[in-house]
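Written below as structure tokens is the structure these notes are about.
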Amino acid sequence: MRGVGGLWADLADLVLPADCAGCRERRPATRRGFCPDCVAALESLRPRPARPTPAPAGLPPCVALGPYGGVLREALLAYKDRGRHGLARPLGGLLAEVVAEAVGSPAPLLLAPVPDTAAAARARYGDHLVRLAGHAAARLRRAGWPARVVRPLRALPRPDSTTLDSAARARAAESAFRARPGRALPRPRAGGPVPVVVLLDDIVTTGVTLAAAARALTAAGLPPAVAAVLAATEKRHRR
């Protein structure tokens, strides 16, 4: 996957911003959304297993591109909260790398992004994760992986998770997702391979949101085999 286009190719279509999305500095060498140093930092990341401790019930095996910090954190904040929607393509390409690592070998894929609430989607001018999933699927298809995005779930209104402690976040997640009424589930072709369902999110912290979405997908008839995320927060230990 690393040889398919590369991150610079993904960044070629972006409008030149005022500063780098990764370090937020104005630098003469800044091109296509990121400076060369930040591109190098993103390309140096390698997907690895990420599992919160304790892991909530129902959390599928999870793989993350890297820890939620540095250039990756700034890029996600720029994309989600600072209106840099053009970053969806390079970030989606990086998410495709995580999916490929999580699944292991080319197979038909159903990418199921954790849905935004209606309020969050309005604030971000669209579901930010659906945009990432679309670009990830396109990158995977170019690399020979049959992949498509499915949206069998809808998100119910819930408090902003950044304002909640872990216990409140778990309670909110329990009733966060429902199957979309009347949404037909994709069915494999007769005699064809069964697609691998991959649950997508941008960040995993406690894992309760991913676990709740995984349970809702399972109840809807699409149990996820793995989860793929861009970043995993790391628990800080008191000295």
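The values are calculated or read from the model by the stated rules, or taken from the named source; none is laboratory data. Everything numeric in this text was worked out from a predicted model, so none of it was measured. Cβ atoms come from the backbone with ideal geometry, glycine included; neighbour counts cover every protein chain shown.
Please verify whether Arg158 is modelled with pLDDT of 70 or more, among the basic types (Lys, Arg) and within 19 Å of Ala118 (Cβ to Cβ), treating the condition exactly as stated. No.
For the stretch 47-62, check the following and say yes or no: at least one residue is more than 19 Å from Val208 (Cα to Cα) and at pLDDT 95 or above. Yes, the stretch 47-62 has at least one match. Filtered by the rule that a residue be buried (at least 18 other Cβ atoms within 10 Å of the Cβ), assigned to a loop (DSSP other than H, G, I, E, B) and at pLDDT below 85, the stretch 18-34 gives Thr30, Arg32, Gly33.
Do we find that Pro49 is in contact with a Ser or Thr (Cβ under 8 Å, 6 or more places away or on another chain), at negative phi and touching a residue at least 12 places away in the same chain (Cβ under 8 Å) in this structure? No: the conditions fail for Pro49.
Being modelled with pLDDT of 75 or more and in contact with a strand residue (DSSP E or B) (Cβ under 9 Å, 6 or more places away or on another chain) is the filter; apply it to the stretch 182-202 and report the residue that is surrounded by the fewest Cβ atoms within 10 Å (Cβ to Cβ).
Asp202
Taken together, the criteria exclude Ala214 from residues that are within 16 Å of Val149 (Cβ to Cβ), buried (at least 24 other Cβ atoms within 10 Å of the Cβ) and of a type in the set (A, V, I, L, M, F, W, C). For Val103, the conditions (1) buried (at least 20 other Cβ atoms within 10 Å of the Cβ); (2) among the aliphatic types (A, V, I, L, M); (3) at pLDDT 95 or above are fulfilled apart from (1). Residue pairs whose Cβ atoms lie under 9 Å apart, sitting 6 or more positions apart in sequence or on different chains, and linking a residue in the stretch 128-140 that is touching a residue at least 40 places away in the same chain (Cβ under 8 Å) and within 15 Å of Ala228 (Cβ to Cβ) to a partner that is crowded, with 21+ Cβ neighbours inside 10 Å and among the hydroxyl-bearing types (Ser, Thr, Tyr), are Leu132/Tyr79. Every test in (1) farther than 26 Å from Ala216 by Cβ; (2) surrounded by 24 or more Cβ atoms within 10 Å (Cβ to Cβ) is passed by Leu91 save one, and that test is (1). Within the stretch 39-54, the residues that satisfy the criterion of being closer than 16 Å to Asp201 by Cα and not charged (D, E, K, R) are Pro47, Pro49, Ala50, Pro52.
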